[in-house]
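J.: Mind looking over this structure? Questions follow.
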Amino acid sequence: MGSITIGVDIGGTKTHLRGCLDQGMDRDLVVRTSEWRSGAYDQDIPRLIALIRRFAAGATPNSIAIGSHGCDDEEECAVLQQPLSNHFACPLRVVNDAELFPLAMGLSSGIGVVAGTGSIAVARDQKGKMHVAGGWGWAIGDEGSAPGLVREAGRAVRLHIDLGGARSEPLVEAVCKAFGLNSPTNIGTAIAKEGSASALGRHAPVIFYAANEGSSLAKRVIDEGAAALTQLVHHLKLAGVSDKDVVVGGGVILAQPLLANAFSHQISNRFGATVAVTFLDKPPVLGACVMARQLHMAGDRSDTSSPFNTRISSDLQVNDRPPTRSVSPYFGSRRIAASRF
């Protein structure tokens, strides 16, 4: 069966595996993260192992790199990495999924910013220490993410109504229609009933629709979301992260130019030429493949206590070519509409 190098991007909505066989053939698999990840550690680890095994389809993994949503500090990365390292007899590394962004864009290091199902900024300092800003979850944070924007839109609508604003304001109308409300005063209850980040985030497009219809409320929500994302970068700078490059990904900011432009503008205003923004135009799993190949080339099985050095060799090349086939008779390969947020 040969050997295979495996990169894995575990997002809040979807999990993307990409493998490169020793014959040079790449292949991909995308599944709903909810198909295997329930939040119960004792169940999720065996399911992830099974997913990787089935994806390998009999080939021997020679290295595995995983970028995972929810691994928001070194300890959480180790919690996932240790049992996987015990199971797979190959170099294996787990990092936060935002750390994949710079690598996917061909950079040796950088600040990864996510604005999708959640929002977070992650980078490592010159000593390899992981620094994180944001990632609090949609109930109390994740400003600038899809659910965060919807939550703040609900607040803006309620304040607008409390101050005697007109029901005809485009954001008020759009939110009421999206949630099936007769009265905007019920928006708080409607948001609470959604129950999850992905369920709430699916309503985010109405904010941008309202902004294009001239809603000053929607434009303010978008600008404030961009400002919150910019503040995450500022927090990392205060923590000692020196990287100039900021690579931004996530379904909502990549799909919505109004948010992307607002973020670029606010980064420029805050940092000037000392920070350069790049929007991710390659799949994050490509960064996991870069990391996996680096691990394989190093040939040194690292442990959870040693920092991961994101500097990559100049001769390390990964082609982002379309997958030749999709694999896994058990998990199935399918993309879902919600994956854009």
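The values are calculated or read from the model by the stated rules, or taken from the named source; none is laboratory data. Everything numeric here is computed off the predicted structure, so don't read it as measured data. With ideal geometry, Cβ positions are generated from the backbone for all residues, glycine too; neighbour counts draw on all protein chains shown. Remember, those area values only see protein heavy atoms, side chains included, never the ligands or the DNA or RNA. Shrake-Rupley method; radii C 1.70, N 1.55, O 1.52, S 1.80 Å.
J.: Only Cα pairs under 8 Å and at least 6 apart count here; give the relative contact order of region 167-248 as a rounded whole percent.
T.: Once normalised by length, the contact order is 29 percent.
J.: Another one. Measuring from the lowest to the highest alpha carbon on each principal axis, how far does region 68-162 reach, largest first, in angstroms?
T.: So the three principal-axis extents are 60, 28, 21 Å.
J.: Given H placed on each backbone N at 1.01 Å, which residues far from Val95 in sequence or on other chains put an amide H within less than 5 Å of it?
T.: So Val95 has HN proximity to Ile66, Gly67, Ser68.
J.: Continuing with this model, one more query. Mind checking the angle between helix 216-238 and the chain's longest principal axis? C-alpha axes, 0 to 90 degrees, to the nearest 10.
T.: Orientation of helix 216-238: about 40 degrees from the principal axis.
J.: Further question on the same structure: Give me the accessible area per residue for region 84-124, probe 1.4 Å, as a whole number in Å². Please report the intermediate quantities before stating the final value.
T.: Numbers: 740 Å² over 41 residues.
Computed with neighbouring chains in place, this is 18 Å² per residue.
J.: Still on this structure, I have one more. So how much accessible area does Arg270 have, in Å² to the nearest 10, using a 1.4 Å probe?
T.: 110 Å²
J.: Give the calculated FRET efficiency between Gln231 and Ala57 to the nearest 0.05, with a Förster radius of 41 Å applied to their Cβ-Cβ distance. Mind dumping the intermediate values first?
T.: On the way: r = 44 Å, r/R0 = 1.08.
E(calc), rounded to 0.05, equals 0.40.
J.: Please compute the Kirkwood hydrodynamic radius over the chain, one decimal place, Å, based on all pairs of different Cα atoms. Working shown, then result.
T.: Numbers: mean 1/r = 0.0484 Å⁻¹.
Hydrodynamic radius (Kirkwood, Cα only) of the chain equals 20.7 Å.
J.: Tally up the carbon and sulfur contribution to the accessible surface of region 9-89 as a whole percent, 1.4 Å probe, everything protein left in place. Don't skip to the answer; put the middle values down first.
T.: Details: 1580 of 3190 Å².
So the carbon and sulfur contribution to the accessible surface is 50 percent.
J.: Subtracting the Cα-Cα distance from 0.36 nm times the residue separation, let me have the gained length for Ala139 to Leu159 in nm, one decimal.
T.: Contour length minus the Cα-Cα distance gives 5.3 nm.
J.: Does region 168-255 come out rounded, prolate or oblate by the C-alpha gyration tensor, with a ≥ b ≥ c the root eigenvalues, rounded set by a/c under 1.5 and, if not, prolate when a/b is larger than b/c and oblate if not? Display every interim value, and only then the final one.
T.: Details: a/c = 2.61, a/b = 2.00, b/c = 1.30.
Taking the square roots of the gyration eigenvalues as a ≥ b ≥ c, region 168-255 is prolate.
J.: How high is the FRET efficiency between His87 and Arg270 when r is their beta carbon distance and R₀ equals 41 Å, given to the nearest 0.05?
T.: Numbers: r = 44 Å, r/R0 = 1.08.
The formula returns an efficiency of 0.40 here.
J.: Compare Glu75, Glu224 by solvent-accessible area with a 1.4 Å probe and give them largest first, with all protein chains kept in place. It would help to have the intermediate numbers written out before the result.
T.: Numbers: Glu75 135, Glu224 100 Å².
The ordering from most to least exposed comes out as Glu75, Glu224.
J.: Cβ under 14 Å from Ile52's Cβ, Ile52 left aside: what net charge do those residues give with Lys, Arg +1 and Asp, Glu -1? Display every interim value, and only then the final one.
T.: Details: positive: Arg18, Arg27, Arg37, Arg47, Arg53, Arg54, Arg93; negative: Asp9, Asp28, Glu35, Asp44.
With Lys, Arg at +1 and Asp, Glu at -1, the net is +3.
J.: Listed highest first by mean packing, meaning other Cβ atoms within 10 Å per residue, what order do 137-143, 246-252 come in? Intermediate results must be reported in sequence, preceding the final value.
T.: On the way: 137-143: 17.9, 246-252: 26.9.
So the order, starting with the most tightly packed, is 246-252, 137-143.
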